[in-house]
Amino acid sequence: MSVRYTNEHEWVRLEGDVGTIGITTYAQEQLGDVVFVEVPAVGRKVAKGESVAVVESVKAASDIYAPVSGEVVEANAALADSPGDVNAEPTGKGWFFKIRLSDKAELDGLMDEAAYDAFVKSLG
Amino acid sequence: MTEAAAGPLKRTPLYILHRELGARLVPFAGYEMPVQYPTGILAEHAQTRSAAGLFDVSHMGQVRLTAKPGHSAAKALEAIVPGDITGLQPGQQRYTQLTNETGGILDDLMTTSTGDHLLLVLNAACKDADLAHLRKHLAASCEIEPMFSRGLLALQGPQAAQALARLAPAVATMKFMTGTYVMIDGVECYVTRSGYTGGDGYEISTPADAADTIARKLLAQPEVKPIGLGARDSLRLEAGLCLYGHDIDTTTTPVEAGLLWSIGKERRTQGGFPGASVIQKQIAEGAPRKRVGLLPEGKAIAREGAEIALAGKIVGKVTSGGFAPTLGRAIAMGYVERAQSANGTKVELVVRGKPVPAEIAPMPFVKHAYYRG
């Protein structure tokens, strides 16, 4: 399954009807060293665009928005003890949470990898 | 401190070096400054606590005061600061504040007597206003010479002394809060043993055209790595040091800010500085509020602006907060009403609408390690 991207620099990877969500390499570079991640509670219903998590770097706190609507089915509890995973492996061990999508068609509105790469390049 | 206003950003003499080192440059107080280098803030913070870090603080405002015939620069400066300046021996440095008529703080600064002059180091965001203030109050008694193009390098950390002594042996025996002229790489610099990290270290004032070469010489020492403003902020927060525009400003007095130690004993009784009556009253009766340290429970970080609540009532606000890399936990400072300011008082910090339990705690959070000989 391909990965989709938002212009808030989140990625979502779909397996069945569950999407795994994290932030991109570009996003973690911009944030700098991540020291704390607040993930959403399992079972929470979220709407696309809603603030659902917070990532704290040494310098600042940033909201993470749900790239799709649905129900949170899992959150990455390991980030509590190793927030640095977000820097080291933003698209791997540094994932944030998983959502069971209520409307897979929402993915169509997100960018594919080529479009996201072009978007990042356009930011200079 | 505030970020840049409109207009092109200024650059320090180390701009090219920052670019070469791969710094992330951000607007800060009208300058394009390095917030971090590729290693990142956590590594830079640890480097400064364990070895030595080199900071570019050339954006800060260096000013030289020289008494006009028949005048005393120290006496003149005392008319606008509460610190004991006339008591400064040549080669001694002191921390003080420019106060306003209500006892608020226009800026905080370092003052060093060379014997012939007073050297001031002012905050970058305040330096233009400070210069106007100095001219307004001191022009009759002092020559006021802004040296805003000079370089100012801070070399900080437990190995700063051995690194700098290799280039200028005389610095090894300097004590905390003293200053002296030394030759570095054939250039006369003014060095003070001081800094903004709570640790040992120096600030080195260089001619503008020598700053780059001297910075490269320092970075060539095995103990030294470049450090950005991000780690400068986390280091000073651990040390419990105030950041102007955040922890102190025109609405906070030195007494409220816990800076009474910086007001000379005689000056407390004799006054003679702006806002003296307000400050003297607070010394006698206690200030209505106090700056305190805060230790939040858990991992959430309470940052500037978070409200401080006690039994459901707002009693103050966080003025600086962040992650303390040395401690591996969140720390903060802020103001609370004096009645609630005792160490150990349980409060709540409102972080993103949610109350986080916290305790009022003594500062510094990380013990100071100044070199007193």
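Going residue by residue through region B:237-251, is there one that turns out to be polar (S, T, N, Q) and in a helix (DSSP H, G or I)? Within region B:237-251, none of the residues are polar (S, T, N, Q) and in a helix (DSSP H, G or I). Only one entry of B:THR66, B:THR102, B:THR111, B:THR96 meets the criterion of being outside the structural domain of B:GLY228 (by TED's automatic domain parsing), farther than 17 Å from B:ALA132 by Cβ and touching a His at 6+ places or on another chain (Cβ under 7 Å), and that entry is B:THR66.
Counting only residues that are of a type in the set (D, E, K, R) and surrounded by fewer than 20 Cβ atoms within 10 Å (Cβ to Cβ), which one in region B:19-57 is farthest from the other protein chains (Cβ to nearest Cβ)? Checking each candidate, the answer is B:GLU20.
Of all residues being closer than 18 Å to B:CYS242 by Cα and touching a Ser or Thr at 6+ places or on another chain (Cβ under 8 Å) in region B:304-324, which is nearest to the other protein chains (Cβ to nearest Cβ)? Just the residue, please. Among residues in region B:304-324 that are closer than 18 Å to B:CYS242 by Cα and touching a Ser or Thr at 6+ places or on another chain (Cβ under 8 Å), the one nearest to the other protein chains (Cβ to nearest Cβ) is B:PHE323. Scanning region B:257-266 for residues that are surrounded by fewer than 23 Cβ atoms within 10 Å (Cβ to Cβ) and either closer than 24 Å to B:THR86 by Cβ or in contact with a Phe, Trp or Tyr (Cβ under 9 Å, 6 or more places away or on another chain) (or both) turns up B:LEU259, B:LEU260, B:TRP261, B:SER262, B:GLY264, B:LYS265, B:GLU266.
For B:ALA4, the criteria (1) at pLDDT 95 or above; (2) of a type outside the set (Ser, Thr, Tyr); (3) closer than 22 Å to B:HIS133 by Cα hold in every case but one, which is (1).
Select from region A:76-109 the residues that are in contact (Cβ under 8 Å) with a residue 60 or more places away in the chain, assigned to a loop (DSSP other than H, G, I, E, B) and surrounded by fewer than 20 Cβ atoms within 10 Å (Cβ to Cβ) and list them in ascending order. It would help to see each step written out before you state the result.
Just the residues of region A:76-109 that are in contact (Cβ under 8 Å) with a residue 60 or more places away in the chain, to begin with: A:86, A:90-91, A:94-101, A:104, A:107.
After this cut, where a residue has to be assigned to a loop (DSSP other than H, G, I, E, B) as well, the list is A:90-91, A:94-96.
Once the filter is applied, which keeps residues that are in contact (Cβ under 8 Å) with a residue 60 or more places away in the chain, assigned to a loop (DSSP other than H, G, I, E, B) and surrounded by fewer than 20 Cβ atoms within 10 Å (Cβ to Cβ), region A:76-109 yields only A:THR91.
Scanning region B:201-233 for residues that are part of a helix (DSSP H, G or I) and more than 14 Å from chain A (Cβ to nearest Cβ) yields B:ALA208, B:ASP209, B:ALA210, B:ALA211, B:ASP212, B:THR213, B:ILE214, B:ALA215, B:ARG216, B:LYS217, B:LEU218, B:LEU219.
Is it the case that region B:229-243 has a residue that's among the acidic types (Asp, Glu) and either surrounded by fewer than 17 Cβ atoms within 10 Å (Cβ to Cβ) or touching a helix residue (DSSP H, G or I) at 6+ places or on another chain (Cβ under 8 Å) (or both)? Steps first, please.
We begin by selecting, within region B:229-243, every residue among the acidic types (Asp, Glu); these are B:233, B:238.
Adding the requirement that they be either surrounded by fewer than 17 Cβ atoms within 10 Å (Cβ to Cβ) or touching a helix residue (DSSP H, G or I) at 6+ places or on another chain (Cβ under 8 Å) (or both) leaves none.
Checking region B:229-243: not a single residue is among the acidic types (Asp, Glu) and either surrounded by fewer than 17 Cβ atoms within 10 Å (Cβ to Cβ) or touching a helix residue (DSSP H, G or I) at 6+ places or on another chain (Cβ under 8 Å) (or both).
Yes/no per residue for (1) touching a Leu at 6+ places or on another chain (Cβ under 9 Å); (2) within 13 Å of chain B (Cβ to nearest Cβ):
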| residue | (1), (2) |
| --- | --- |
| A:GLU15 | no, no |
| A:VAL18 | yes, no |
| A:ILE23 | yes, no |
| A:ALA27 | no, no |
| A:ASN76 | no, no |
| A:GLY84 | yes, yes |
| A:GLU89 | no, no |
| A:ILE99 | no, no |
| A:SER102 | no, no |
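Among the residues of region A:75-87, those identified as among the small types (Gly, Ala, Ser) and out of contact with any helix residue (DSSP H, G or I) (no Cβ under 9 Å at 6 or more places or on another chain) are A:ALA75, A:ALA77, A:ALA80.
Return the residues of region A:38-62 that are under 22 Å from B:ILE41 (Cα atoms) and either facing chain B (nearest Cβ under 9 Å) or at pLDDT 95 or above (or both); say none if nothing qualifies.
So the first thing to find is which residues in region A:38-62 are under 22 Å from B:ILE41 (Cα atoms), and the list is A:38, A:54-62.
Result: A:GLU38, A:VAL54, A:VAL55, A:GLU56, A:SER57, A:VAL58, A:LYS59, A:ALA60, A:ALA61.
The values are calculated or read from the model by the stated rules, or taken from the named source; none is laboratory data. Small disclaimer: the values here were computed from a predicted structure and weren't measured. Neighbour counts are summed over all protein chains in view; Cβ atoms, including those assigned to glycine, are modelled from backbone coordinates with ideal geometry.
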